[in-house]
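Remarks on the structure that follows.
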Amino acid sequence: MKHAVWLLRENGQVFRLDDEAPAPVPVAVPAPASGICRLRGAVALVGRTEAGWQVFRRRGAGWDAGPPTPVLSGELYLGAGCTIDDVTLLTNHRIVDERRGVVSLVGYKPARSIRTVVYREPDALLVGTNAGEWGGKLLRITLVSGRVEEVPDLEDPIHDIAPAPGRPGCVVLAVGLVHFLPSGNLTELCGSRTRRLYARAWEEQGFKVKPMAADKDSYSSVAFYGLARAGDGTLTAIAMDGLYDIARDGRVSGPKPLPAFKLRGDVRISDAARTPELVLTGINGRASLGGAMPIVVQR
């Protein structure tokens with residue numbers, strides 16, 4: 001079976017990279033894409049047209065357009081939470097949900113940060129923010145009411161959110177920052193309760209790492225940047241020093257070395273036979289991800 005990787009550039013262009021293709025090829029889109037995600041058997045993108053915010057689903061060589069929602073004055077795209085069937089758009093003013101309609105945010109309006117990750121729960125959005133050296137937050141936004149609540153005790157940049165292996169209703173957060181010295185961890189969130197799932201101390205001298213108790217602090221620790229879900233429900237965490245496996249019982253092992261990357265056009269991508277698939281691009285530094293950290297992509 002042929003597979004393809006879909007890539008979104010900062011300017012809203014969408015590219016597709018097939019298994020044996022030497023380079024990504026541009027895909028015609030109905031509007032510059034603000035976000036892109038994978039639904040059940042299809043690719044969906046969120047774009048801003050003259051009519052407003054719209055969700056477009058890939059069908060054959062074209063796109064099926066969803067109904068537009070007029071854009072408010074000063075409204076900015078923050079992210080999109082995707083389930084297997086639906087897309088929920090988040091802006092700095094409101095939620096635009098394909099099933100529930102439009103709901104204004106109540107209690108707090110998240111500012112546009114350097115990078116925002118949105119994760120869709122059944123009845124809420126989890127929003128992780130990354131403002132670089134100024135830290136980050138985790139917000140929970142109820143879909144029905146639009147009420148925004150900040151999850152306490154989380155102050156560092158949050159780069160990714162994924163289902164916790166073997167823990168229904170829980171998620172894992174990838175937390176990391178490199179500013180002079182690195183810091184980060186893997187945090188588990190279950191409802192309103194958080195616990196540090198894993199951290200690894202980073203020794204400045206010789207840049208060596210050593211195990212670190214999950215409930216202890218260190219002056220410097222390994223930064224985590226991404227999470228990729230495997231077919232068996234386990235996770236792979238992408239960190240500054242390699243890949244970590246998160247098993248269904250919550251145990252974390254690693255690091256394993258990052259895979260080799262092959263230049264295909266202007267994109268460096270990991271071996272297609274490996275999971276997860278990783279891409280190196282020039283966006284990393286501008287997104288406060290640090291030097292040459294890879295970005296996780298889904299097929």
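For a protection proxy built on the mean count of beta-carbon atoms within 10 angstrom, sort 257-267, 32-42 highest first, please. Could you put the intermediate results ahead of the total?
Numbers: 257-267: 13.7, 32-42: 16.2.
Highest-to-lowest ranking by the protection proxy: 32-42, 257-267.
Which trypsin sites (Lys or Arg not before Pro) in segment 228-259 pass both tests, a DSSP loop state and at most 15 other beta-carbon atoms within 10 Å? Don't skip to the answer; put the middle values down first.
Working: sites: Arg229, Arg248, Arg251; in loops: Arg248, Arg251.
Those that pass, being in a loop and sparsely packed, are Arg248, Arg251.
Please compute the length gained on full extension between Leu76 and Asp249, using 0.36 nm multiplied by the number of residues separating them and subtracting their Cα-Cα distance. Present the calculation step by step, with values, prior to reporting the outcome.
On the way: separation 173, 0.36 × 173 = 62.28 nm, distance 3.95 nm.
Full-extension gain reported as 58.3 nm.
Ignoring everything except DSSP H segments at least 4 long, calculate the 222 nm mean residue ellipticity for the chain; use -39,500 (n - 2.57) per segment, divide by total residues, nearest 500.
Details: 1 runs with 4 residues, N = 299.
It lands at 0 deg cm²/dmol.
Collect residues whose amide H, placed 1.01 Å from N in the peptide plane, falls under 5 Å from the amide H of Val87; neighbours closer than 5 in sequence don't count.
Those lying under 5 Å, H to H, from Val87 are Glu98.
What list of ³J(HN,Hα) values in whole Hz, one per residue of segment 90-104 in order, does the Karplus curve 6.51 cos²θ - 1.76 cosθ + 1.60 (θ = phi - 60°) give from phi, with Gly and Pro shown as x?
10, 10, 6, 10, 6, 10, 10, 9, 5, 9, 8, x, 9, 9, 6
Under the Karplus relation 6.51 cos²θ - 1.76 cosθ + 1.60, θ = phi - 60°, what is the ordered set of whole-Hz ³J(HN,Hα) values for segment 157-164, x standing for Gly and Pro?
Listing the rounded values in order: x, 10, 9, 7, 9, 8, x, 6 Hz.
About the Cα centre of the chain, what is the dipole size in debye to 20, counting +1 per Lys and Arg Cβ and -1 per Asp and Glu Cβ, all else neutral?
Details: 37 positive and 32 negative charges, 78 e Å.
Rounded to the nearest 20 debye, it is 380 debye.
Can you give the FRET efficiency for Ser192 and Arg57, using 1/(1 + (r/R0)^6), R0 = 25 Å, r = Cβ-Cβ distance, to the nearest 0.05?
On the way: r = 34 Å, r/R0 = 1.37.
E between Ser192 and Arg57, to the nearest 0.05, is 0.15.
Taking θ as phi - 60°, what are the ³J(HN,Hα) couplings along segment 240-251 by the Karplus curve (6.51, -1.76, 1.60), each to the nearest whole Hz, with x for Gly and Pro?
5, 10, x, 10, 10, 9, 10, 7, 5, 8, x, 6
What's the percent breakdown of Cα-Cα distances in the chain across 5 Å bins, shortest bin first?
1, 5, 12, 16, 18, 18, 14, 10, 5, 2, 0, 0
If I model a spin label at Arg268 and Thr83 as a point 7 Å from the Cα along the Cα→Cβ vector, what separation in nanometres do I get?
My value for the distance between the label points is 3.9 nm.
So for segment 1-109, taking the charge dipole from beta-carbon charges (+1 Lys/Arg, -1 Asp/Glu), which of Ala42, Ala23, Val5 sits furthest toward the positive end?
In segment 1-109, that residue is Ala42.
What does the charge count around Leu138 come to, taking other residues whose C-beta lies under 14 Å from its C-beta (Lys +1, Arg +1, Asp -1, Glu -1)? All intermediate terms of the calculation are to be shown ahead of the outcome.
Working: positive: Arg115, Lys137, Arg140, Arg193, Arg195, Arg196; negative: Glu121, Glu149, Glu150, Asp153, Glu155, Asp156, Asp160, Glu188.
So the environment of Leu138 carries a net charge of -2.
Testing the spin-label approximation: label points 7 Å from Cα along Cα→Cβ at Lys256 and Asn92. State their distance in nm.
According to this spin-label approximation, the distance is 4.1 nm.
Using only alpha carbon pairs under 8 Å that are at least six residues apart, calculate the relative contact order of the chain and give it in whole percent. If you can, show how the numbers build up before the last one.
Values: 719 pairs, mean separation 30.1, N = 299.
The value is 10 percent.
We did not get these values from a lab; they are worked out from the coordinates using the rules stated. Just so we're clear, the structure is a prediction, and the values are computed from it rather than from any experiment. Because the Cβ atoms are built from the backbone with ideal geometry, glycine has one as well, and the counts that use them run over all protein chains shown.
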